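Structure first, then comments.
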């Protein structure tokens, strides 16, 4: 957690009082930051208004949307559109997405923990070389490898299965996860490691009793990060699956648009529903989630 | 294992599973894409070797040149635009008052949305007949409200959508970094009579130097993956006026089934991505193996 600094005093000496009697910067009047506030307010409207339209449109019927225009208030709001969406394959797609997300996160955690531990503590040259390979892979755009992944998926007979999505999704989440967890583990004081090895603890015991408990924040972070990536993933499902049975939510949404055509309220209801699980998580653990998103890029 | 210094230290074997996995599903594809770039393959059957054919085609492909130009514009404009918005807001949000915390909660919702959800939302907003664009267009001098149907406007409209999606993330970066600036620096400036503007440019911005670099690099890398929103909203159109490089590659491969040529385009992407990656590790000091973020 960030250190709890007291709020920055928002006041300072004005020019006049400073000349009159120089004093410490305590509790004198300072002009509020109007410019920053105004900019932020503008952006808030820019972000908030589309979200408001998303919600209000999803509550109205198609006819009134077309005749009254997008800005008008819904005449008699109802959940009809949500029922329409839930009656389709939406929940099936959501279940697929959930499977992909859980599996990807599990793979990332299981692979990252021992790797980061080895990077921090091992003296092996192989580990160092592997780490720099991973770093080079940090910004490789996934787009660059979709053709070979498609080739591999068809050859390995996993094309059009959830496994085909899970494997590359986890692989591409690895570099950043390893960086984040490595920096968490580096913050564990060296003396603690020394103390345990003097006691003759095996690496496995050090991991279990020292490293794992102390790197839990990092593990939460990479879990959130890779979960969001998997949940919102679009490209791998797009090129590696085809049939409705292995369709994930992001692709399903796109389908709804073609399926419903001009039925905008139904589309917005589908979008709102797809956002719901993440939004609930966000409300439960806002700080964790936001920290998770910027992890590894701090400073 | 014999020396006492090695006792209790994990061996290389601990890192092998992750390395193996990454090699199999990320490194092997990267190698394969280079090989495929010298073949012709329709997606069915087996690729066959065609030498430099794809590369000579690349040199004469006007759409490729156009897509590079569009990618460059997208990268530079969205980078400058997003930075100019995110930096001041991030600094403002870093000040701790309750109202700001509440306001900032809404800021971050776009971060949680998938690209396809965002594209769908904006698709309805930008619909020239029934969407918000129909109402707002005339105010902005676009009488028919057809922001994404005009070749001259489409790329900039997409940049607005992309900013809507990503500015919150960068606000978050700047907010976190601003809170780490030692309070004493601001106090010293105030004692010297610096106003807000002076304080912002003489203290905040220089102190955020590293964050500005990180955020910029992330935005530039991000430009390479701005793909899904554009695919759903415009599919590269009208014509090819929003067909940026990754989209050109995708459409060549999975729409025209020229997988060999798509691989050649992917190699270009890969080279750009690698250069940027190396920049990241150089600039941010990840490669120096120092702790980046204490006690997260």
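Whole angstrom only: what separates the Cα centroid of region A:191-256 from the Cα centroid of region B:196-274?
After rounding, the separation between the Cα centres reads 25 Å.
Could you give the spread of the C-alpha atoms of region B:55-181 along their three principal axes, from largest to smallest, in whole angstroms?
Its Cα atoms span 55, 41, 26 Å along the three principal axes.
Can you sort A:231, B:164 by how many other beta carbons sit within 10 Å, fewest first? Write down the numbers at each step before the final one.
Values: A:231 23, B:164 20.
Ascending number of Cβ neighbours within 10 Å: B:164, A:231.
Tell me, what is the percent relative contact order of chain B, built from C-alpha pairs under 8 Å that lie six or more residues apart? Walk me through the intermediate numbers first.
Numbers: 308 pairs, mean separation 82.1, N = 296.
Computed over chain B, the figure is 28 percent.
Suppose R0 equals 45 Å; then what is the FRET efficiency for residue A:212 and residue A:154 from their Cβ-Cβ distance, rounded to the nearest 0.05? Don't skip to the end; give the middle numbers.
On the way: r = 39 Å, r/R0 = 0.87.
In this case the efficiency is close to 0.70.
To check my understanding: the extent here is largest minus smallest coordinate of the Cα atoms along each principal axis. What are those three numbers for region B:131-197, in Å, largest first?
55, 24, 20
Average partner chain C-beta neighbours within 10 Å, per residue of A:122-135? Mind dumping the intermediate values first?
Details: counts 8, 7, 7, 1, 6, 8, 3, 3, 8, 6, 4, 5, 6, 7.
Mean number of neighbouring Cβ atoms from other chains: 6.
List residues of region B:45-76, by number, whose backbone nitrogen lies under 16 Å from a label position 7 Å along Cα→C-beta of residue B:257.
B:45-48
Would you calculate a helix-derived [θ] at 222 nm for chain B, using -39,500 (n - 2.57) for each DSSP H run of n ≥ 4 and dividing by the full residue count, to the nearest 500?
Details: 15 runs with 188 residues, N = 296.
Result for chain B: -20000 deg cm²/dmol, rounded to the nearest 500.
Which order do the peptides A:243-253, B:128-138 come out in when sorted by mean C-beta neighbours inside 10 angstrom, highest first? Can you show the working numbers first?
Details: A:243-253: 20.7, B:128-138: 17.1.
Result, highest mean Cβ count within 10 Å first: A:243-253, B:128-138.
Per 10 Å bin, what percent of the C-alpha pairs of region A:100-220 does each bin hold, from zero upward?
12, 36, 30, 15, 5, 0
Where a ≥ b ≥ c are the square roots of the eigenvalues of the C-alpha gyration tensor, would you call chain B rounded, which needs a/c under 1.5, or, failing that, prolate if a/b is larger than b/c, or oblate? Present the calculation step by step, with values, prior to reporting the outcome.
Details: a/c = 2.27, a/b = 1.13, b/c = 2.02.
Since a/c reaches 1.5 but b/c is at least a/b, the shape of chain B is classed as oblate.
Rounded to two decimals, what is the ratio between the C-alpha radius of gyration of region A:207-295 and 2.2 N^0.38 Å?
Numbers: Rg = 17.2 Å, N = 89, 2.2 N^0.38 = 12.1 Å.
After normalising by residue count via 2.2 N^0.38 Å, the value is 1.42.
Find how many whole Å separate the alpha carbon centroid of region B:124-167 from the alpha carbon centroid of region A:86-141.
First find each Cα centre; the distance between them is then 37 Å.
How well do other chains shield peptide B:123-132, expressed as the mean number of their Cβ atoms within 10 Å of each residue Cβ?
5
Sorting check: for B:74-87, A:70-83, which peptide has the highest mean count of neighbouring beta carbons within 10 Å, and how do the rest follow? Walk me through the numbers before you get to the answer.
Details: B:74-87: 18.6, A:70-83: 14.0.
The packing order, highest mean first, is B:74-87, A:70-83.
Once you have a ≥ b ≥ c as the square roots of the Cα gyration tensor eigenvalues for region B:133-284, tell me rounded if a/c is under 1.5, and otherwise prolate or oblate according to whether a/b is larger than b/c. Please list the in-between numbers first.
On the way: a/c = 4.06, a/b = 1.58, b/c = 2.56.
Oblate, because a/c is 1.5 or more while a/b does not exceed b/c.
What does the extension gain come out to for residue B:143 and residue B:53, with contour length at 0.36 nm per residue minus their alpha carbon separation? Spell out each step's value before the answer.
Details: separation 90, 0.36 × 90 = 32.40 nm, distance 4.64 nm.
Length difference between fully extended and current span is 27.8 nm.
I want to check the label-to-label distance for residue B:13 and residue B:77. Put each point 7 Å from Cα in the C-beta direction and report it in nm to one decimal.
5.7
For peptide A:106-118, how many partner chain Cβ atoms fall within 10 Å of a residue's Cβ, on average? Kindly include the intermediate steps, with their values, before the conclusion.
Values: counts 0, 3, 2, 0, 3, 8, 2, 2, 7, 9, 3, 4, 10.
Partner Cβ neighbours, averaged per residue: 4.
What does the protein assembly as shown give for Rg and for Dmax, in Å, if only its C-alpha atoms count?
25.6, 86
Under the classification rounded if a/c is under 1.5, otherwise prolate if a/b is larger than b/c and oblate if not, where does region A:73-146 fall, given a ≥ b ≥ c as square roots of the Cα gyration tensor eigenvalues?
Values: a/c = 3.79, a/b = 2.97, b/c = 1.28.
Cα axes put region A:73-146 in the prolate bin.
So what is the relative contact order of region B:38-99, in percent, for Cα pairs below 8 Å that sit 6 or more residues apart?
17
Take every Cα-Cα distance within region A:163-247, group them into 10 Å bins from 0 onward, and report for each bin the whole-number percent of pairs it holds.
Calculated P(r), rounded to whole percents: 15, 34, 24, 16, 8, 2.
Bear in mind that the values in this text are calculations on the coordinates, not laboratory data. The shown structure was predicted, so the numbers you read here are calculated from the model rather than taken from an experiment. Positions of Cβ are generated from backbone atoms using ideal geometry, with glycine treated the same way; all protein chains shown enter the neighbour counts.
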